[in-house]
Structure formats: structure tokens, C-alpha cells
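Submitted below is the structure of interest, expressed as C-alpha cells.
Nothing in this text is a laboratory measurement; each read-out follows from the coordinates by a stated rule. Because the structure is a prediction, the values reported are computed rather than measured. Note that each Cβ is placed from the backbone with ideal geometry, even for glycine, and that neighbours are counted across all protein chains shown.
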Amino acid sequence: MNFKHKYIFLFPGLFVLIGILIFPIIFTIRLSLSGWNSYTPEMNFIGITNYIRLFTDDPRFWESFFRLSFLSVSTVILQYIIGFALALMVWREIKFKRFFRVIFLIPMMTTPVIMTVIWRTFFHESLGPVNDLLGHIGIGPILWLSDPVIAKFTVIIVEVWQWTPFMFLLLLAGLLSLPKEPFLAAAIDGASTFRKFVYVTFPLMAPISIGAIIIRLIEASKIMDTVFVLTSGGPGTATETSSFYIYIKGLREFQMGYAATLSFTYLVIMIISLTIIAKVLTKLMIKE
Amino acid sequence: MAKIQLSNISHTYNPLDLNPTYALNPFSMTWENGKRYAILGPSGCGKTTMLNIVSGLVKPSKGNVLFDGNDVTNLITEERNIAQVFQFPVIYNTMTVYDNLAFPLKCRDFSKEKIEERVKSVSDTLRLSSFLNMPARKLTADQKQLISLGRGLVREDVAAVLMDEPLTVIDPDLKFRLRRNLKEINEQYKTTLVYVTHDQNEAMTFADNIIVMDQGEIVQVGLPKDLFERPKTTFVGYFIGSPAMNLFETQLSSNNSVKINDTIIKTSTNLSKLKNNNLKLGIRSEFVKVAKDESENLVEVIIQKIEDFGNFKLLTASMGSLTIKSKVNRETEIPAQNVKLYFPADKCCVYEDNKLV
């Protein structure tokens, strides 16, 4: 079929696609090749100078990137384990099933920034209730926000609290969609609860699990508001993640050209690593 | 192996209602050790409910299930020692065929040697020996179904193997072979086999005893021959056989004959106790013959249609507003006019209120 006017009808869609996806990426690439900063706010051309700087003279970016990998992988693993456990809990017929299902979803419905402010109050080292309570049983005071190692775990706690419900929701939906027969067959074969989980539930849930983990990994890699409100990347750079570092370079120091370089490099690394992670997870969990 | 008794069983899925609808109306039944049973009926008649009550997946609202005289009504499936095969093959995807077959024994802590011996024996019977080391998920649908079946057979002490339409996903020619396979297994292991199906051919060729169900009611239990020749209700006559039994509204004429339009049909049934309400005459199309020199039980008809099925011809004839179907040999000469059909008296079944007299 030769329909010449088809582009007219495709145009609105293409326009949106170009406007929100293609143009920003091309603009970022062009920006990354410029020296735009607060002294020379112009789109000049300085070649790959910014990239050379990134790969030879900026350990802070790479540190923040590895910190981000640690934070996102560990929070997603914890979210998966806790979310799966909660989903298994309210999957079967139990009392107050609906009540629990709603309760478990509440953290997801709250605003992350506001909740992080509340968490920061909880964990305040001299005024917060957490250290106060721990003090009563003779522990602490723990430097929740000012110790470089503990601060990372504080961020993990808040992230896990905030986003486990999302994992729970996806996994519960998955569990509810499973066929009944494999479970009946396992019951007839005399399988224990543990064996049922290992040989029936888990293999059946593998495809859904992979989907849920990937979605959460993408989301977790963008972690920004929690760090911003809770620790502002501190103490020092102990909780600084890639997005927060890019924010500092671009919007606090106004090195727009260099921030664009960081953003684009980050995007490429994320696309490659998430593709590899998805492939590896599929291999490990589905075994086709 | 065990004798299975169902005593006064009934079941409803909404027991809290004031007038609950029963998926199964009260009934009692005994399944003898080592026999083959088929439960036959249309969709939604309670076949699967009955099966699930025996396997323990459903607890009956009333009544008791006994295995060899022991009450197992309150035991869960795991403790009942029963095997069940479902409509769609259920296998453990992550395991090999061997591990699949060994799984029920592993769960019951059998010794390694014993497991090996049993798996070998069962895989030989089911012709799965050459696949034992393959991942189970790589097999075809019918092989997977064999694995499900094998998991049931691998336990020697299993009380019965229950099958819920197990051959639905399998090709017709393989179905035939598998049914024969099941019969061999039954003879070899003396396992009680219970087979749920809505396909009468499957039931007829497989079972010693067929249980016909309709709307939560057990309508007839019997040999394939009984069901075919003397259906206890018009439902059985209609449901079993292809084409369905010929059924006509009729009036009482004498102690052993009835009247259709003005034709008198003699039967070999004593009709003296009938109250003459809602009578029906039923006869299988297989028994309706084109008359040659018979002198009674003749109906004059007009032939509407002759269909040649290769091994037989199916006549569709009409007498007034009634339609009569007759299966005849393909060699039978069918006259062009004045066709008379002959109803053998001993094959005529009379139904009062849809129940056999």
C-alpha cells in the first residue's frame, strides 16, 4: 500500500517522541561537548575535553557510581526478600487479609520527600526518638547520619521502607495469577512447605520476579530525594550517588557542559549494565 | 490399594446460604480395589467436586470418605495417600524427568535404592526411560502428562489414582495408545483408577464401571453395555451414544404396549403399574431396522435424509412431527417409498417421568 499522507497521521506521535526523547538526548550530547558554565554560558565547542576530564581526573564520579551500585543492588535485594515474604503472608486465606494488604501499601502512597524528613527526625542523633529508645536499653547513641558507614545503612533503611510496598504489590499480583494445579499436585505428592516454595512457587514466580527486580533497579538507580533530604550526600561524600553528584555539578556549580557529560555517560552505563543484569537474571532464574 | 467408600456424601460451595445449591446431592458409593471407574457427565455436573472430595482437596459438607474402612474425611491430601492427575500436565519445571518421578518418594523419605527401583519400573511402563536425564520442561505435552501420571504410580501403596480429564491436551491417536497403557498399568499394578471425562468414548473404552452424573446427581452406575442398552433415565439415553437415543412422547395402550400417534408398539416391559403420565418410549438408533418381513412393531415413515458415514448409514426419517434416527449397515437396501421401520420389542425402553420402568 502506498499511502503518501501517512506521515501526517504519524506526525503527532513522532513529534512527541522527538520532543521528549530524541531531542533532549541529542541536546545533552551537544551540551556535553561544550564548556558551558557560569562564566561562559554559551554553546561553544571544546571537543571531548569534558570526557577526558571525566575519565582521567574525576574519581568522585566513579566513587559515587559504585556507591550507587551498592545502594541500589542492596536495597532492591532487601525489598525483594521482604516484599516476597509479605506477599506470601497475605496471599493465602488469613484473617484480616484485606486490612494487611492495605497496610503494607501505605509507605508507597506517601510522598518520599515528606517521609524522608520524618525519618530524618527519627534518626536525629541527639533529639530523635530512635536513639532515645535505644538509650533506654543501653545502646548507643548511634551516629545514624554522621558516620560514613552507618549513614549508608540509614539511607538503605529509608529506601527499603519506602519502596518495599511496590515490590510487594507486583509479587502479590504475580502470586494471585498463578495456576492452582501445581500446588495441588505438590500437595498430593506430599511436598513440605519448603519444597513447595523451592520447586513450585519460586520457579513459577521467576518471570514476574525478574520484571519486578528490573523495574525497581531502574527506579532505585535514580535515588535522589532520599539522599538529598536525609544526608545531602554527607557526611563528606559518604552517601553521594551519581544523580546527586550530577545535580551538584550542574545546578549548584553550574558546570552545565560537564554535567551533561556525566549524565550521558551515566545513561550509557545504565543501559548496558541493566541489559546485562536482565540477561543474567533470566539465565539464573528461568534456566531456559 | 484400597477400597474406597463414599457414604452419604453431599457438598455445597455456599454452606452459609439458607437454601444452598448443592454441587453434589447426597449419595453413597463404593469403589472396589483394583477396578477402573469412569465418571461421565456434562460440564458442571459435579464430577470434579466428587474427585476432589476423594483426594481431599475439598472437604464434603456432609458425609464420610472411607479408605479400607478407615475414616479419612478430616485428613488433608498429604495424609491420604492418593494420586491425582489434572487436566493440564503439571510438572516440576526445574527438575529432570527422573527427579520429577522420584519427587513423591523423596518427599516421603524413601531410600535411594528403593526410589531408583520404583522410578525405573514406572518409567519402563510409561516408556519414559530414554528421557530420564532430560529436563522435564523440554518434553512434549503428552510426555509431560505421562510424568504427572508417573508421579502417581511411583508410590506402590497409593490408594487410588484419580484422573481429571487427563487426555484433553493429547492428540487423538496418542489418546488411544495412552488409554491402553492405562489399562495395562491397571492390570500390572492393580491400582484403582478413577477417570473423569465428558467424552463417552473415552469412558466406554477405559472403564469397567461407568458413573453417569447430571446436575450433582448420580444418574446411573453400570457397565458400558447397560448404559447403552438400558439407560436408566432419558438423560443417560440422550447423553450416551451417538446419535442420542430416539425418544418419543407416547400413551399407554395395554399391559405391554404403547401407542405413538396411532401405531401400537409392543415392548417386553410389564407396564401394568403405570399411571400413564408423561410416558416416553426410547430406542437406540442402532436397534431401529428397516423392516423386511416383520409383522408388528412397524412404523411407517418418510425418509428425510441418508448420511453415509463409511462404516454405516444414518437414516433420518419422519413420522408426522416425530423424527426417528436409524443406524443401518451400509449394504442395507432402502426402498424409495413406503418405508417401514421395525422396533424390536426387547430393545424398547419405556420411561415414566424420564425414569426407566
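Rounded to the nearest 5, what % of DSSP beta bridges with both residues in the protein assembly as shown are antiparallel? Can you show the working numbers first?
Values: 58 of 74 bridges.
In the protein assembly as shown, approximately 80 percent of DSSP beta bridges are antiparallel ones.
If you don't mind, another one. Cut-off is 10 Å between beta-carbons; in what order do B:122, A:73, B:299 appear when sorted fewest neighbours first?
A:73, B:299, B:122
Additional query: Can you classify the protein assembly as shown as rounded, prolate or oblate using the Cα gyration tensor, where a ≥ b ≥ c are the square roots of its eigenvalues, rounded means a/c under 1.5, and otherwise it's prolate if a/b beats b/c and oblate if not? Kindly include the intermediate steps, with their values, before the conclusion.
Details: a/c = 3.00, a/b = 2.28, b/c = 1.32.
Prolate.
Oh, and also: Quick check: from the Cα gyration tensor, does the stretch A:57-286 come out rounded (a/c under 1.5), prolate or oblate? Intermediate results must be reported in sequence, preceding the final value.
Working: a/c = 2.52, a/b = 1.44, b/c = 1.74.
Cα axes put the stretch A:57-286 in the oblate bin.
May I ask you to evaluate 6.51 cos²θ - 1.76 cosθ + 1.60, the Karplus curve with θ = phi - 60°, for each residue of the stretch A:61-74 and list the ³J(HN,Hα) values in order in whole Hz, giving x for glycine and proline?
Values, residue by residue: 5, 5, 4, 5, 5, 5, 4, 4, 4, 4, 5, 6, 5, 5 Hz.
Once you have a ≥ b ≥ c as the square roots of the Cα gyration tensor eigenvalues for the stretch A:1-135, tell me rounded if a/c is under 1.5, and otherwise prolate or oblate according to whether a/b is larger than b/c.
oblate
Another question about this same structure. Reachable lysines from residue B:106, Cα under 16 Å, same-chain residues fewer than 8 places away excluded?
A:196, B:114, B:120
Separate question: What list do you get for A:121, B:48 if you sort them by fewest beta carbons within 10 Å?
Ranking A:121, B:48 by Cβ neighbours within 10 Å, fewest first, gives A:121, B:48.
Which of B:289/B:325; B:225/B:259; A:279/B:138 have a Cα-Cα distance over 18 Å?
Numbers: B:289/B:325 10 Å; B:225/B:259 27 Å; A:279/B:138 21 Å.
Too far apart for the 18 Å limit: B:225/B:259; A:279/B:138.
Select from the stretch A:141-214 those trypsin sites (Lys or Arg not before Pro) which occupy a DSSP coil region and have at most 10 other Cβ atoms within 10 Å, ordered by residue number.
Listed in order of number, the matching sites are A:180.
To continue, here is another question. Please work out the Cα center distance from the stretch B:167-238 to the stretch B:54-118, rounded to the nearest Å.
23 Å
Taking θ = phi - 60°, what integer Hz values does the Karplus form 6.51 cos²θ - 1.76 cosθ + 1.60 yield along the stretch A:8-19, in sequence order, with x for Gly and Pro?
With the stated coefficients, the stretch A:8-19 comes to 4, 6, 6, 4, x, x, 4, 4, 4, 4, 5, x Hz.
Next question. Which residues make up the longest stretch of chain B that has no trypsin sites (Lys or Arg not before Pro) in a DSSP loop with at most 13 other Cβ atoms within 10 Å?
Between the exposed loop sites, the longest stretch runs B:1-126.
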